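Peer 1: Quick one: the structure is below, questions incoming.
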Amino acid sequence: MNTNRLSETLCASLNKQMTKEAHASQIYLSYASWADSEGYEGIANFLFRHAQEERNHMMKFLEYILERGAKVKVEAIPAPPDEPSGVQDCFEKVFAQEIDNTKWIYKLVKQSFEEEDWATWHFLQWFVKEQTEEETLALNLLDKIKIAGGSKASGDSLYKIDKDLKDMPDDAELAETKTAAKP
Ligand code: FEO
């Protein structure tokens, strides 16, 4: 009896995304280590926490593939790119990384829609929301850095940003939770 509930093509794409999430985790680990070695403890803390989030995303894909009776294929994780050149560059790279990930999530949503695999389509909606949150978070941070002076931000403002990031929540507040009274 065939207990596999995923098509061969969708299973391959989900496995690929699982590795992409692991790669994202490595990127955050690398940037966090860079931040720590530059003395930005708060930024490092924020990025280390995010590395863990990406690892959780990887596990969600792995568990979903297993849950649907299909085969998990654990593959090599590519090396992260070069270290950032500064705080602004770091968060520009984080933002670009999240946009790229969103693109792959959307491709998966499209594929599941075309295959009329509604279980997978439903599973992926969590990631659609998560990507909006992650892009919003990165964008909010870039705004903060811009106000602080961008690549020319002073030591004082970078100190403040670093301090803020240590306690910053991992999730951004999305538009759908806002109201006229609480914009
Ligand atoms: Fe798993 Fe940051 O996307």
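The values are calculated or read from the model by the stated rules, or taken from the named source; none is laboratory data. Keep in mind it's a predicted model, so treat the numbers as computed, not measured. Note that we place each Cβ from the backbone using ideal geometry, even for glycine, and neighbour counts take in every protein chain shown.
Peer 1: State all residues of region 155-177 that are not in a loop (DSSP other than H, G, I, E, B) and not charged (D, E, K, R); if no residue qualifies, say none.
Peer 2: G155, S157, L158, Y159, I161, L165, A175, T177
Peer 1: Looking only at region 6-39, filter to residues that are outside any helix (DSSP H, G or I) and either of a type outside the set (S, T, N, Q) or in contact with a Ser or Thr (Cβ under 6 Å, 6 or more places away or on another chain) (or both); which one of those is nearest to N101 (Cα to Cα)?
Peer 2: L6
Rundown of residues vs (1) touching a helix residue (DSSP H, G or I) at 6+ places or on another chain (Cβ under 6 Å); (2) free of Cβ contacts under 8 Å to residues at least 24 places away in the same chain, yes/no style:
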site: Y64; (1), (2): yes, no
site: G69; (1), (2): no, no
site: K103; (1), (2): no, yes
site: T120; (1), (2): yes, no
site: E133; (1), (2): no, no
site: L142; (1), (2): yes, no
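Peer 1: Test G42 against the stated conditions and say whether it is part of a helix (DSSP H, G or I), modelled with pLDDT of 95 or more and of a type outside the set (A, V, I, L, M).
Peer 2: Here the answer is yes, as G42 does meet what is asked.
Peer 1: Could you give me the residue pairs with C-beta distances under 7 Å whose first residue belongs to region 19-37 and is on the phi < 0 side of the Ramachandran plot, whose second residue is within 14 Å of the ligand (Cβ to nearest atom) and among the small types (G, A, S) wherever it lies, and which are 6+ apart or on separate chains?
Peer 2: Sorted first by the residue in region 19-37, then by its partner, the pairs are S25/A51; Y28/A51; L29/A51; A32/A51.
Peer 1: Oh, and also: Here is a list: G86, G69. Which entry is under 18 Å from M18 (Cβ atoms) and away from the ligand (no atom under 12 Å from the Cβ)?
Peer 2: G69
Peer 1: Let me ask another. Return the only residue of L62, L124 being within 16 Å of the ligand (Cβ to nearest atom), hydrophobic (A, V, I, L, M, F, W, C) and more than 24 Å from A172 (Cα to Cα).
Peer 2: The match here is L62.
Peer 1: Within region 38-59, take every residue that is among the aromatic types (F, W, Y) and in contact (Cβ under 8 Å) with a residue 60 or more places away in the chain and give me the one that is nearest to the ligand (Cβ to nearest atom).
Peer 2: F46
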